[in-house]
Amino acid sequence: MSFNENVYKSIVEVSPFPVYVCSGDEMIITVANNATLKAWGRDKSVIGQPFSEALPELKDQPFRGLLSHVYETGNTYFSSNDRADLMVDGRIQTFYFKFTYQPLRDSNNIITSVLCFATDVTELERSRQAVEASQNTLYNIIKQAPVAICILDANDLTVQVVNDSYLELVRKTRSELENQPVWEAVPEAAELYAPILNNVIKTGETYYAKEHEVILIRQGAEELVFIDFVYEPISDINGKINTVMVIGMEITEKVIARRLIEEAEERARLAIDAAEIGSFDLDMATGNMVTSIRFNQIFGISSTPSRNTILELIHPDDIALRDAAYEFARNTGKLFYEARFIWKDGSIHWVRVQGKLYLGTDTHPTRILGTVLDITEFKHLQQQKDDFISVASHELKTPLTSVKASMQLLERLIRQDPTSDKVSLFIDKANSSLTKMHHLVESLLNVSKIAADQLVLNKSNFIASEMIKDCCEHIRLTGKYNLVLSGDMELVFYADKNRIDQVLVNFINNAVKYAPESDTINIHISKEGDNSKLSVQDFGRGIPAEKLPHLFERYYRVDSSGVQYSGLGLGLYISADIIERHGGKIGVYSEKGIGSTFWFTLPSV
Ligand code: ADP
């Protein structure tokens, strides 16, 4: 052995990397350094043995075959991390080696042996496998996640990993997305989200999107969807952002469901607002209340009240009624009462309270949910109607009593002295009472016709001055009044003559009734632009200015005590309806102590 050979031998011997040589057809191990023996788990005794005898556990593994192949072909074999299961420390263990098999030739260039240089890469391979495994686990988690996940390469924005949920969300196939630049795959979202994604990569700040409305192309059609999603930047060990994870969840159904609820609530609220209903939620144990703005308005208070605040406002006369309603509610669960409440300013307001009582486990009421409605106006109308009925019955009773009295007297008279001149007197009396009744009943019928919208007009042309003369005859006959007619005597009205006559009679009768001190009554007819106008002026006491706006309302009477003058408060209401049906206007000027002028206009033909 030459010096050089010795040097080489010791270099091989001390090499921390396995080096060995197998020679001849049988691949006799001729050289095997310590690192080799250690890796094999053998001692020096293997040197001189054929490879397959020294390492019988490798029988079904490729090494022996590879060695022969190199020996026979002369082609060097380069392995990448190859697995070898070796018997070390009495058990088969798995190792990984990176190695080369090179042919060794003699001076005649004949291959005599195969030289192996190896590196034990077991550790490396194990950690690589561990990484791979954890990546696989991660991938599986991503794959099975019920949320949409897409992992993008931060450099070129290509889709690296995408799960089924994501594909489902954007309604694309895997091949349309995987390895594709994301904005080419989902171009419809690019305009809005590309700048955001770029910013996430630039700043490293996670981006959270809540309930974003996105238009996605699904099966070729645009679809508006709502999604929650996150752009999560992921950095490599050097802190450079190399990946962005997109996690998204479609919440369209949730949003739609919520919006439906919101809409329903809004509708209910609008209905409640439109009906001007106030609502409340009362905790019976604490007396605390939650109330709507309208509730507070109804009770004339500015902030959320406690139960006592409301109880203090109730009219003393209505406390018993309220208590009875509560007693009833305890049995039925339903609260209902109408009571007066006195506001801080002293005004009285009628309120209808309706609610549902909730009982606790011990059957004590714990909570009331309810509504309140201001029924002051309604109560006033009811009152007006009641008053009207009593006035109307009274008005009818007077002429009726008079007719009855006349009839009794007539009966007696006819039996005793049928020729008496008093007979015609009583007949006249009865007749005039009957006419009065007839008028009253006529007025009542008119009102119900107006209410049912059944008052029909029979229009014709007639000369206004002639109609006036005819209808005023009865007043003129009394000789008490000076009726002065002035204006355009030729003026023609196109209207329902009987109805207009009715209005005029009402004006004149009122002048007689309410201005008895006025001996002159002026009637004036004129043309005013496109209209014809008729006015009736008296010189009576006039009407207080604050009453004027109400004169034409149903049942309205200036002197509502009804003692001084009889009347139902219907004449002007019916007149106004007749004139309005003709497309005209009705009104009054009046000054206290000077007199009143009632007028109406009719459109000319
Ligand atoms: P009524 O049947 O009570 O007369 P009207 O509708 O005709 O009903 O009149 C309404 C009220 O208007 C009357 O109650 C009266 O107080 C007032 N009024 C009507 N005409 C006159 C008038 N010429 N002068 C003063 N008051 C009048």
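The values are calculated or read from the model by the stated rules, or taken from the named source; none is laboratory data. These numbers come from a predicted model, not from an experiment. Cβ: placed from backbone, ideal geometry, glycine included. Neighbour counts: every protein chain shown.
Is there a residue in the range 552-564 that is more than 10 Å from the ligand (Cβ to nearest atom), under 19 Å from ILE475 (Cα atoms) and either at pLDDT 90 or above or surrounded by fewer than 20 Cβ atoms within 10 Å (Cβ to Cβ) (or both)?
Scanning the range 552-564 turns up no residue that is more than 10 Å from the ligand (Cβ to nearest atom), under 19 Å from ILE475 (Cα atoms) and either at pLDDT 90 or above or surrounded by fewer than 20 Cβ atoms within 10 Å (Cβ to Cβ) (or both).
So that you can scan it fast, the table gives a plain yes or no per residue for (1) modelled with pLDDT under 95; (2) more than 60 Å from the chain's Cα centre (by Cα); (3) not hydrophobic (A, V, I, L, M, F, W, C):
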residue: ASN109; (1), (2), (3): yes, yes, yes
residue: VAL114; (1), (2), (3): no, yes, no
residue: ASP120; (1), (2), (3): yes, yes, yes
residue: GLU123; (1), (2), (3): yes, yes, yes
residue: GLN129; (1), (2), (3): yes, no, yes
residue: ASN136; (1), (2), (3): yes, no, yes
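For residues that are in contact with a strand residue (DSSP E or B) (Cβ under 7 Å, 6 or more places away or on another chain) and under 21 Å from ASP164 (Cβ atoms), scanning just the range 182-222, find the one that is modelled with the lowest pLDDT. Can you show your working first?
Looking only at the range 182-222, we keep the residues that are in contact with a strand residue (DSSP E or B) (Cβ under 7 Å, 6 or more places away or on another chain), and these are 182, 185, 188-189, 196-197, 200-201, 204, 206-216, 222.
From what is left, the residues that are under 21 Å from ASP164 (Cβ atoms) are 182, 185, 188-189, 214, 216.
On the way: VAL182: 93, ALA185: 89, GLU188: 84, ALA189: 84, VAL214: 83, LEU216: 79.
Of everything passing the filter in the range 182-222, LEU216 is modelled with the lowest pLDDT.
Within the range 45-86, which residues are of a type in the set (D, E, K, R) and in contact with a helix residue (DSSP H, G or I) (Cβ under 9 Å, 6 or more places away or on another chain)? Lay out the reasoning, then the answer.
Quick first cut of the range 45-86, residues of a type in the set (D, E, K, R) only: 53, 57, 59-60, 64, 72, 82-83, 85.
If the condition is that a residue be of a type in the set (D, E, K, R) and in contact with a helix residue (DSSP H, G or I) (Cβ under 9 Å, 6 or more places away or on another chain), then GLU53, LYS59, ARG64, ASP82, ARG83, ASP85 are the ones that fit.
Does ASN506 meet the test of being within 12 Å of the ligand (Cβ to nearest atom) and either without any contact (Cβ under 8 Å) to a residue 12 or more places away in the chain or polar (S, T, N, Q) (or both)? Even if it seems obvious, please write down each step before you answer.
Details: within 12 Å of the ligand (Cβ to nearest atom): yes; either without any contact (Cβ under 8 Å) to a residue 12 or more places away in the chain or polar (S, T, N, Q) (or both): yes.
Considered against the rule, which asks whether it is within 12 Å of the ligand (Cβ to nearest atom) and either without any contact (Cβ under 8 Å) to a residue 12 or more places away in the chain or polar (S, T, N, Q) (or both), ASN506 comes out as yes.
How do the pairs read when you match residues in the range 537-559 that are of a type in the set (Ser, Thr, Tyr) with residues anywhere that are within 9 Å of the ligand (Cβ to nearest atom) and assigned to a loop (DSSP other than H, G, I, E, B), using Cβ under 6 Å and keeping only pairs 6 or more apart or on different chains?
The qualifying pairs are TYR555/GLY569; TYR556/GLY569.
Quick one: which residue in ILE579, ILE574, ILE500, ILE543 is among the β-branched types (Val, Ile, Thr), within 11 Å of the ligand (Cβ to nearest atom) and closer than 21 Å to LEU444 by Cβ?
Values: ILE579 fails: within 11 Å of the ligand (Cβ to nearest atom); ILE500 fails: within 11 Å of the ligand (Cβ to nearest atom); ILE543 fails: closer than 21 Å to LEU444 by Cβ.
Sole residue among the options that is among the β-branched types (Val, Ile, Thr), within 11 Å of the ligand (Cβ to nearest atom) and closer than 21 Å to LEU444 by Cβ: ILE574.
Just for the range 592-605: of the residues that are within 11 Å of the ligand (Cβ to nearest atom) and outside any loop (DSSP other than H, G, I, E, B), which one is farthest from ALA464 (Cα to Cα)?
The qualifying residue farthest from ALA464 (Cα to Cα) is GLY595.
What tally of residues in the range 353-378 results from selecting those that are in contact with a strand residue (DSSP E or B) (Cβ under 7 Å, 6 or more places away or on another chain), over 20 Å from ASN296 (Cα atoms) and not polar (S, T, N, Q)? Write out each step before concluding.
Keep residues of the range 353-378 that are in contact with a strand residue (DSSP E or B) (Cβ under 7 Å, 6 or more places away or on another chain), which gives 353-360, 365-376.
From what's left, over 20 Å from ASN296 (Cα atoms): 357-360, 365-366.
Checking the rest, the ones that are also not polar (S, T, N, Q) come to 357-360, 365.
Of the residues in the range 353-378, 5 are in contact with a strand residue (DSSP E or B) (Cβ under 7 Å, 6 or more places away or on another chain), over 20 Å from ASN296 (Cα atoms) and not polar (S, T, N, Q).
Is there any pair with a first residue in the range 455-481 that is closer than 18 Å to ARG581 by Cβ and a second that is at pLDDT below 85 and not in a helix (DSSP H, G or I) whose Cβ atoms are under 8 Å apart and which are 6 or more apart or on different chains, and what are they?
Here the result reads ASN461/VAL605, each pair linking the range 455-481 to a residue that is at pLDDT below 85 and not in a helix (DSSP H, G or I).
For the range 385-425, which positions are within 14 Å of VAL441 (Cβ to Cβ) and small (Gly, Ala, Ser)?
Matches in the range 385-425: ALA392, SER393.
Do the conditions hold for ILE586, that is, is it of a type outside the set (Asp, Glu), in a strand (DSSP E or B), under 49 Å from the mean Cα position of the chain (by Cα) and within 12 Å of the ligand (Cβ to nearest atom)? Reasoning before the result, please.
Values: of a type outside the set (Asp, Glu): yes; in a strand (DSSP E or B): yes; under 49 Å from the mean Cα position of the chain (by Cα): yes; within 12 Å of the ligand (Cβ to nearest atom): yes.
Here the answer is yes, as ILE586 does meet what is asked.
May I ask you to list the residues in the range 515-536 that are more than 12 Å from the ligand (Cβ to nearest atom) and of a type in the set (A, V, I, L, M, F, W, C)?
ILE523, ILE525, LEU534
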